[in-house]
Amino acid sequence: MKSLTARGALVLTLAAGAYWAASRGVPEALAQPSARVDTFRVLKAYPHDSAAYTQGLIYRDGFLFESTGLNGQSTLRKVRLETGEVVQQRRLERTYFAEGLEEWNGQLVQLTWQSNIAFVYDLASFAPRRTLAYTGEGWGLTRDREGFILSDGTERLRFLQPDTFREIRRVTVTDRGTPVRDLNELEYIRGEIYANVWHTDRIARISPQSGRVTAWIDLRGLMSGYRLDSEAVLNGIAYDAARNRLFVTGKLWPRLFEIEVVPRK
Ligand SMILES: [Ca+2]
């Protein structure tokens, strides 16, 4: 679905140049191939709508709020965690391909892939309130205390003012100096940004200050035993701060998991 455009290729070329320039002075940064790779343990498995092309996922008070993509199939939905039942849903017009989702002050903000527009809804009623504009593609969305954090499929994360989406700052995400591209669904967890990387079984843990990957979570095997579509990739991270629960799922996955990260010895 998402593919590299000419514009994307140019961005990557420019980024590679910047990376080269930055890395020449610090060769020791290249000595280690990657940050630590942790594994996981499944604590609980829940049903998930296998028709949901998950692009955004958050947890609030016993429910998941989910954004699903594809033109003609894009939705905003409220899902009961325990059963996977969709208890509330709003469909988007066919022209929009929904992407990342986050909450701010009782409102939900939903990105679109290539329409340069985010929809703002009332969290309780899903009634549309207004729209926000941004440049580039929309992939993942999360938040810290100050505002939103947006991924756009590149190695860049943009920090946005919550009311206007005006850019405050940006970081380039790197692992031992190498840019990490295709950053997708996001979740801000206890001072770190967790990010799916498109078409991989890994989640990156990223320092919001420096953009450095501090560790990876290798989720290979999570859906072993299931026959999945080639686009049914790991995507969707949600966090229950009150009970310190970490949830992950994927596009078109019939399951959503609560997992525990197991540090590699
Ligand atoms: Ca999320």
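The values are calculated or read from the model by the stated rules, or taken from the named source; none is laboratory data. Keep in mind it's a predicted model, so treat the numbers as computed, not measured. FYI the Cβ positions are ideal-geometry reconstructions off the backbone, even for glycines, and counts take in every protein chain you see.
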Check: Does Gly136 count as without any contact (Cβ under 8 Å) to a residue 24 or more places away in the chain, under 24 Å from Ile203 (Cα atoms) and surrounded by fewer than 18 Cβ atoms within 10 Å (Cβ to Cβ)?
Finding: yes
Notebook entry, point to check: If we keep just the residues of the stretch 210-235 that are part of a strand (DSSP E or B), in contact (Cβ under 8 Å) with a residue 60 or more places away in the chain and within 16 Å of the ligand (Cβ to nearest atom), which is farthest from Ala35 (Cα to Cα)?
Noted result: Asn235
Next item on the list: Go through (1) free of Cβ contacts under 8 Å to residues at least 60 places away in the same chain; (2) more than 15 Å from the ligand (Cβ to nearest atom); (3) not acidic (Asp, Glu) and name the single condition Ala241 misses.
Entry: (2)
Notebook entry, point to check: So which residues in the stretch 244-256 are in contact (Cβ under 8 Å) with a residue 60 or more places away in the chain and within 14 Å of the ligand (Cβ to nearest atom)?
Noted result: Arg245, Phe247, Thr249, Gly250, Lys251, Leu256
Check: Since Asp152 meets every condition but one in (1) over 30 Å from Arg129 (Cα atoms); (2) within 16 Å of the ligand (Cβ to nearest atom), which condition does it not meet?
Finding: (1)
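Can you tell me which of Ala18, Ala51 is small (Gly, Ala, Ser), at negative phi and at pLDDT 95 or above?
Matching residue, one of Ala18, Ala51: Ala51.
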Next item on the list: Tell me, please, whether a residue that is at pLDDT 95 or above and within 13 Å of the ligand (Cβ to nearest atom) can be found in the stretch 198-209.
Entry: yes
Next item on the list: Report yes if some residue within the stretch 236-250 is in a loop (DSSP other than H, G, I, E, B) and in contact with a strand residue (DSSP E or B) (Cβ under 6 Å, 6 or more places away or on another chain); otherwise report no.
Entry: no
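To keep it simple, each residue is scored yes or no on (1) closer than 22 Å to Arg264 by Cα; (2) among the acidic types (Asp, Glu); (3) crowded, with 18+ Cβ neighbours inside 10 Å.
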residue	(1), (2), (3)
Tyr121	no, no, yes
Leu141	no, no, yes
Arg145	no, no, no
Phe148	no, no, yes
Arg190	yes, no, no
Checklist line | Selection within the stretch 221-265 - surrounded by 14 or more Cβ atoms within 10 Å (Cβ to Cβ) and of a type in the set (Lys, Arg) | finding: Arg245, Lys251, Arg255
Margin query: Within the stretch 61-79, does at least one residue satisfy the condition of being buried (at least 24 other Cβ atoms within 10 Å of the Cβ) and more than 16 Å from the ligand (Cβ to nearest atom)?
Written below: yes
Check: Cβ-Cβ below 7 Å, separation at least six or inter-chain, first residue in the stretch 141-153 and under 16 Å from Ser207 (Cβ atoms), second among the hydroxyl-bearing types (Ser, Thr, Tyr) and within 15 Å of the ligand (Cβ to nearest atom): which pairs?
Finding: Thr142/Tyr188; Asp144/Tyr188; Ile149/Thr142; Ile149/Tyr188
